Every structure is written in C-alpha cells, then in structure tokens.
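Since every read-out is calculated from the coordinates, none of them should be taken as a lab result. Because the structure is a prediction, the values reported are computed rather than measured. All Cβ positions, glycine included, derive from the backbone under ideal geometry; neighbour counts span all protein chains shown.
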Amino acid sequence: MPDKGTKKKLTHVEEGEASTPAAEARTFVPTPESKAKAGKFRLFAVLSWIVAIGLEVAAILQLKVQPIKMWLLIVLIVADLVFAVIGNLLWKKANRFDPASEKQKVKFFVQNQLGAIIAVIAFLPLVLLIFTNKDLKGKQKGLVGAVAVVALLIAGFTGIDFNPPSQEQYAQQIEQVKSLGAEHVYWTKSGSRFHLYQDCQHINTRKTDEIFQGTVPQARELKNITELCKTCEARWKKEHAAAEIPAPAAEVPAAEVPAGDLVPEPVN
Ligand SMILES: [Zn+2]
C-alpha cells in the first residue's frame, strides 16, 4: 500500500539547518554548518564551565572568611550548579552535530562524558573542603555539605551522556535508511523513533499535529532520535519484497548471511 500522506502539518526541515548525509556514507563527516554549530555550542559550554569553576573558587574563598556567611555559600553553590548544567547541556548538544569516532576509545569517552568530569572538578574540591572545615559547626556543615553533594550529583548526572552519539552510528543509520530506499524520514516532537512513512500509525495519531521531515542526521541533531520505527521497516520490506530481485542463492548459503544486520541494537 502506498504512502497515503498525512493531513497533519508537515514541517520540512531545511537543508543546512542540520547536516545532510555525506555522499559517501560509510564514514560520517559533518557538514561545515554542523561543524560550525558544534563549535559555537562547545565554546559556550566551555565558557559556562569556566564560570561554574570560578563560582566554586569564590565559594572556597568564602570558607576562609570569618564569620562564614551560610546564605552566600549556598547561593554560590547553586549558581555554580546552574552554569555547570548549562555547560553540560550545550556540550552534549554539540556532540550531536559533530560526534566522536568510536575507534578512538579514550577520545570518544572523554568527549562524550566531559560534563561529568567537569562536574567532579566543579564540586568535589568544595565538598571536601566543606567537610574538613573546622570553622563550620555541625549543623551548618551538614546543611552546606548536603547542598554541595546534591549539586555534585545533579551536575554529574546531567554531564553523563547515556546515549552518546558516534560517527559510526550515524553512518550506520544513514546506510540503513538508504538501504531501505527511503529518501527522508519522519518524526514527531515527542517521538523517540524516526519513520519511513508519513502515515505511519505511530505518528499519524490524534495527538500529533505536526510531523517533521528530514534526514537521519537531522533527526539525531534536532531530537536525538536514533531508532527506526519497526512498523515502518516491516511495512517497507513487505511492500518491496515482491519487487526485489532475489540474490544469487547458490553462492551465499543462507546460514552465512548475518541475521539482523539492518536493525542495530538500541544503545541505551
Ligand atoms: Zn513508523
């Protein structure tokens, strides 16, 4: 059955708003626009982190001023947290435009988890200095210490990239959609998968009033969508099964064909 289209508002994401797949999709190369965007996000992330660490230094200096102003310490810790989290979010966004390669294991880890590393730098020294401070009384120490520990945890948690993008994953997704013969994919604001058909039952629902159309990297950059809808994939295969020219079966025994090649395990 052909794609019947959709009555919903269909927003076509402009080329250049996010990257287009590289002509040679074996390796993923971000477009100059994506590179530039990533650079801008990274610059602001680093600036935000510098402010966060600066606020931590200010809080540490406050610990040496007698009498210790509790409210000021807490304000500095909260401000430190705000800038640390802003930096983390910008940094993770940048990685969606310009992902690291899984082949360089150390770089891949550091680039994707840098926010968590910065969180440790921006809070752990302060936490240790609060708990070892002799001028803070028991109750005060408990309160400020708890605020600092919670801030460390929040900053660390938002700094972790639980679904880190990689060049290999991008290339594989582009290849996958290409091998299915689709030019564009579709997604919704709230969805977690991209679709091959505008009229897919999962996106063409009553709740949906807008469907986005674009490339796989766009889905990833704009919404962090990494998975292809299983319903769409099954439908596409069914529709194209008849038209497909059977492969020369004699040369490739069925047992040697790797199963599930088209569907990568979701990385979560
Ligand atoms: Zn679908």
Amide hydrogen neighbours beyond the local backbone of ALA100, cut-off 5 Å, H modeled: GLN167
Segment 32-159 - charge dipole about Cα centre, Lys and Arg +1 at Cβ, Asp and Glu -1, debye rounded to 20: 120
Phi-based couplings in Hz for segment 40-56 (Karplus 6.51, -1.76, 1.60; Gly and Pro marked x): 5, 4, 5, 4, 5, 5, 5, 4, 5, 5, 4, 4, 4, 5, x, 5, 5
Hz values of 3J(HN,Hα) by residue in segment 197-214 - Karplus curve (6.51, -1.76, 1.60), Gly and Pro given as x: 10, 5, 9, 3, 4, 7, 10, 8, 9, 5, 5, 7, 10, 8, 10, 9, 10, x
Difference of contour (0.36 nm per residue) and Cα-Cα distance, ASN224 to GLN201: 6.2 nm
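What Kirkwood radius, in Å to one decimal, follows from the Cα pairs of segment 32-159? Mind showing how you got there, number by number?
Details: mean 1/r = 0.0653 Å⁻¹.
It is 15.3 Å.
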Coil-residue trypsin sites (Lys or Arg not before Pro) of segment 67-176, DSSP, other Cβ within 10 Å capped at 13: LYS69, LYS103, LYS134, LYS137
³J(HN,Hα), Karplus 6.51/-1.76/1.60, whole Hz, each residue of segment 79-90, x for Gly, Pro: 5, 4, 5, 4, 5, 5, 5, 4, x, 4, 5, 5
Exposure proxy ranking, count of Cβ atoms within 10 Å, fewest first, for LEU128, LEU90, LEU180: LEU128, LEU180, LEU90
Estimated inter-spin distance, ILE154 and PHE131, nm [label 7 Å along Cα→Cβ]: 2.0
Cβ-defined net charge surrounding GLU210, 10 Å radius [Lys, Arg +1; Asp, Glu -1]: +2
Simple label model, 7 Å out from Cα along Cβ direction - THR27 to SER179, nm: 2.1
